[in-house]
Amino acid sequence: MQIEDIFMTGATTPAPLRNAAFCSIWSSAQVANLRWLVQTVAIGWLMVTITASDLTVALVQASTTLPAFILSIIADTHSRRSVMIIGLSLIALASVALAGAAAFGFLSPWLILALGFIAGCGFALNDPAWHASVGDIPAAVTLMSTGYTMTRSVGPALGGVILAFLGPLAAFLFSACSNLAPLAAVLRNKWHARPSPLPAERMSTAIRDGIRFTALSSDIRATIMRATLFGLAAIAILALLPLVARDRLADDPIAYGVLFAGFGTGACVAGLNNRLLRQEWLMAIASIACAVCCISLAFTSSVPSATLALAFGGAGWIITWTGFDVWVQLASPRWVVGRTLSIYYAFLSGGMAAGSWIWGNVAQSYSLASSLELAAAALLLVAASGLVLQVHLGAEGDQQGAVFPAPSVALDLKPQSGPIAARTEYSLDESDLDSFFDHMRTRRYALARAGARDWTLQRNLRKPSHWTETFRTPAWMSFRRLHHRLSRSDQDVSQLLAALHLSEKPAETELVIERTTDARRTRSHPVPRVLRP
């Protein structure tokens, strides 16, 4: 079974857990999450002990999230397994280097940030490729997120215990050794994406098409904007938590681990009760819960109170991020899901990196309490943003592309031959024009997202009942790829338009290849003529 097929059996089917390859990679991924959390706790605490700069402490989160803003986009332009191997190798390299630097006493704030940046590069490559490989439905994202959040309740506490009794070096060694599990699991298991009758796209073309689709998809665009704003505001919880532990609470690594464990426990409980993830009101409440967490941390001086507040913050954190992940995946067809996820991760990581810098600057220039209070106010604004940036998702299972055989043409066209122009004529009754326009608006939107250019709708002045739809693609392969990208709902729109056509003869699409009068460019081709699919 391919990893892409694992979650296609239904939202409640436990079949993924019966797949050996998936279980191997999924369980090793949880070990990696546990390792990363132990290392994060150790780095955060070590940073507050070797520097007095609040900004430098806050930049620990920025160093690990900034790379995703740069590298995530390539997750869907290469073999996902290869991308995952490279990403996990970078994480392992950074972990080993950090453990070695701690062993020989070479640690400094800037070295820690640099190694965190390298590890962040690994996560930027691995995470989008992994998420894009496991399926299209909420159960897939939920299962991954639940496993991740369960480790969040154990990892921080374990990190605090290791710090308190064995020191930072032991935490780094544990992290370096345990990082080998996910890398070995991916190397051991092989899978292949669904075969496509079309050749692979060039990287530049794939990136351009992914950006074009994302820009034209209102649901994905709204989700990315909201995720970026939430990341910018909510990262204050994790970025400033070492300062809260040092300056306002017990100044003890075990207490710091307990605080992180409270955050993870809240995330775990929310992750196990997530049937309403797609509800707008729940997303708003989750942002408010994070705001309450920030306010509580700004005023409390009690470890139990802070831990309880962090439990609410963890619940709001995982509900929001898992909800955004589900929204992006459900709004993305399979041909572009890796690219939309990559763009989504790039923007939210950029927001978290910027937020870490902003809240660290505010804490250093004014006070820790002021920084947390401003972050809480920003989170309340994020909760209200759902009223403006609404997401309306279609039905599940609409992510698969169409089966579109290559049209039969009279010319020997190469993949690069073009431009190709398509023209479809309709004969309409005057009473059907309103429905025709509605369907055409939907069709224009769908074609533009799939790669069509210069779309027009024309009315014949001599025969007003005749309407002509035209669009262009830059090459023959682009035309074929466009029709493979159309979803089931897009095909339904074509059928609705065909039903409005008055003539007994079905509406046909005529294809032409455009040529100039330059003899050097047309010499190798016969005189162009009208082509029909």
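The values are calculated or read from the model by the stated rules, or taken from the named source; none is laboratory data. As the structure is a prediction and not an experimental result, all values here were calculated from the model. Neighbour counts run over all protein chains shown; Cβ positions are idealised from the backbone, glycine included. The area values use the complete protein model at the heavy-atom level, side chains included, leaving out ligands, DNA and RNA. Shrake-Rupley method; radii C 1.70, N 1.55, O 1.52, S 1.80 Å.
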Quick one: putting +1 on the C-beta of Lys and Arg, -1 on the C-beta of Asp and Glu, what dipole do you get for segment 420-513 around its Cα centre, in Debye to the nearest 20?
-> 580 debye
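If R₀ is 35 angstrom, what is the calculated FRET efficiency for the pair Ser305 and Ser218, using the beta carbon separation as r and rounding to 0.05? Intermediate values should be presented prior to the final figure.
Values: r = 42 Å, r/R0 = 1.20.
According to the calculation, E is roughly 0.25.
Sort 349-359, 434-444 by the packing proxy (mean of other Cβ within 10 Å over each peptide's residues), most packed first. Can you show the working numbers first?
On the way: 349-359: 24.3, 434-444: 15.2.
Per-residue Cβ counts within 10 Å, averaged per peptide and sorted highest first, yield 349-359, 434-444.
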Accessible-area value, Val337, 1.4 Å probe, nucleic acids and ligands omitted, Å² | 0 Å²
Rg and Dmax [Cα atoms of segment 270-367; Å; Rg one decimal, Dmax integer] = 16.1, 51
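Could you work out how much longer the chain between Phe117 and Arg444 gets when fully extended? Use 0.36 nm per residue separation minus the Cα distance between them, nm to one decimal. Working shown, then result.
Details: separation 327, 0.36 × 327 = 117.72 nm, distance 4.22 nm.
Computed gain between Phe117 and Arg444 is 113.5 nm.
Which three numbers, in whole Å and largest first, are the semi-axes of the equivalent ellipsoid of segment 433-478 derived from its Cα gyration tensor as √(5λ)?
Taking √(5λ) for each eigenvalue gives 23, 14, 6 Å, largest first.
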At Glu510 and Leu187, where each label point lies 7 Å from the Cα along Cα→Cβ, what is the point-to-point distance in nanometres?
-> 6.1 nm
In nanometres, what is the gap between the two model label sites at Arg208 and Val269, each 7 Å from Cα along Cα-to-Cβ?
-> 5.2 nm
Which ³J(HN,Hα) values, rounded to whole Hz and listed in residue order, are derived for segment 290-296 from phi using the Karplus coefficients 6.51, -1.76 and 1.60 in 6.51 cos²θ - 1.76 cosθ + 1.60 with θ = phi - 60°, glycine and proline given as x?
-> 5, 5, 4, 4, 4, 4, 4
Based on the Kirkwood radius over alpha-carbon pairs, what is the Stokes-Einstein translational diffusion coefficient of segment 420-513 at 37 °C with 0.692 mPa s viscosity, in µm²/s?
-> 240 µm²/s
Label-point separation, Arg488 to Leu457 (7 Å along Cα→Cβ), nm = 2.6 nm
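Ordered by packing density, taken as the mean number of other Cβ atoms within 10 Å over each peptide's residues, highest first, how do 294-302, 460-468 rank?
In descending order of packing, they fall as 294-302, 460-468.
Once you have the Cα-Cα distance between Ala103 and Val388, take 0.36 nm times their residue separation minus that, and quote the gain in nm to one decimal.
Values: separation 285, 0.36 × 285 = 102.60 nm, distance 5.20 nm.
Using 0.36 nm per residue and subtracting the Cα-Cα distance, I get 97.4 nm.
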Got a number for the accessible area of Val512? Probe 1.4 Å, square angstrom, nearest 10.
-> 40 Å²
